[in-house]
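What follows is a short report on a single structure.
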Amino acid sequence: MSRALGPPAQAADPTRGLARVPDPRVWGTLVGAAGGTVFVLANRGDLPGPLPGIAVAAWALTVAAYVWFVLVVPRPFGPVPQVRRSAGLVYLTGVVGMLVLIRVGSLLLEDADRTELRPALIVVAVGLHFLPFASAFHTPLFTVLGLLMPAIGGVGLVLGWAWDGDAGAWAAVIAGLTMLTLIASDAAPTRTGADA
């Protein structure tokens, strides 16, 4: 997430992310990669036919891209941008809101006997919790995730309710692969930057 966290580093020497794990622009991606991994691996078994194996293969490719671009390829980091004092409260509020939405939504799905749609609900909640982080942590990638993931989860909920309950698992697997891909691409060198 190096490009997304602040102004471009002009004089910074390129560094591998692996050498900067304590940097929030690296360890924050580890949290996201873990979440994307859970979405894929926890829900692939609910996909039909050979799709669980295909989901694992796609996950392995996106994890390889993540490791390559986030941890291995040198990139300029520059100084860590300062965040407002309220950033911690924004983070806490986002996480609590996510957990409340998951709990309340799960209760509603249980009452409707549609618990197979819970993975799609979780995708919506996780996605929405990213939205306030974009400005609090100077990270535009959070806006992208905060808009795209609820859309994926919402489609899973609608299709699952109207057509096939497996849509909840589909939404979670697609969301996990999307998260990993976006995190990797955010760290990838650009032609306009110092890596051109």
Worksheet item: Which of the residues spanning the range 46-89 are in contact (Cβ under 8 Å) with a residue 40 or more places away in the chain, within 25 Å of residue 171 (Cβ to Cβ) and of a type outside the set (Phe, Trp, Tyr)?
Response: 46, 47, 48, 55, 58, 62, 63, 65, 70
Fill in: Residue satisfying condition, being part of a helix (DSSP H, G or I) and either touching a helix residue (DSSP H, G or I) at 6+ places or on another chain (Cβ under 7 Å) or touching a residue at least 60 places away in the same chain (Cβ under 8 Å) (or both), within set 108, 92, 117
117
Worksheet item: In the list 103, 85, 118, which residue meets the criterion of being over 29 Å from residue 47 (Cα atoms) and charged (D, E, K, R)?
Response: 85
Fill in: Of all residues making up the range 1-45, the number that are modelled with pLDDT of 85 or more, more than 19 Å from residue 64 (Cβ to Cβ) and buried (at least 18 other Cβ atoms within 10 Å of the Cβ)
2
Discussion item. Condition first: assigned to a helix (DSSP H, G or I) and surrounded by fewer than 16 Cβ atoms within 10 Å (Cβ to Cβ). Now tell me which residues in the range 68-89 satisfy that.
Written reply: 68, 72, 88, 89
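Inside the range 120-134, can you point out the residues that are part of a helix (DSSP H, G or I) and touching a residue at least 24 places away in the same chain (Cβ under 8 Å)?
Of everything in the range 120-134, those that are part of a helix (DSSP H, G or I) and touching a residue at least 24 places away in the same chain (Cβ under 8 Å) turn out to be 120, 121, 122, 123, 124, 125, 126, 127, 128, 129, 130, 133.
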Practice prompt. Identify all residues within the range 15-34 that are out of contact with any helix residue (DSSP H, G or I) (no Cβ under 7 Å at 6 or more places or on another chain), among the β-branched types (Val, Ile, Thr) and farther than 17 Å from residue 179 by Cα; write none if there are none.
Written response: 15
Fill in: Hits in the range 14-40 (condition: touching a residue at least 60 places away in the same chain (Cβ under 8 Å) and more than 12 Å from the chain's Cα centre (by Cα))
14, 15, 17, 24
Worksheet item: Residues of the range 46-62 being surrounded by fewer than 17 Cβ atoms within 10 Å (Cβ to Cβ) and within 15 Å of residue 180 (Cβ to Cβ), which ones?
Response: 56, 57, 60, 61
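Just to check your reading of the model, which residue among 169, 188 is farther than 20 Å from residue 94 by Cα, surrounded by fewer than 24 Cβ atoms within 10 Å (Cβ to Cβ) and either within 12 Å of the chain's Cα centre (by Cα) or hydrophobic (A, V, I, L, M, F, W, C) (or both)?
Exactly one of 169, 188 is farther than 20 Å from residue 94 by Cα, surrounded by fewer than 24 Cβ atoms within 10 Å (Cβ to Cβ) and either within 12 Å of the chain's Cα centre (by Cα) or hydrophobic (A, V, I, L, M, F, W, C) (or both), namely 188.
The values are calculated or read from the model by the stated rules, or taken from the named source; none is laboratory data. Keep in mind that this is a model prediction, so the values were computed, not measured. With ideal geometry, Cβ positions are generated from the backbone for all residues, glycine too; neighbour counts draw on all protein chains shown.
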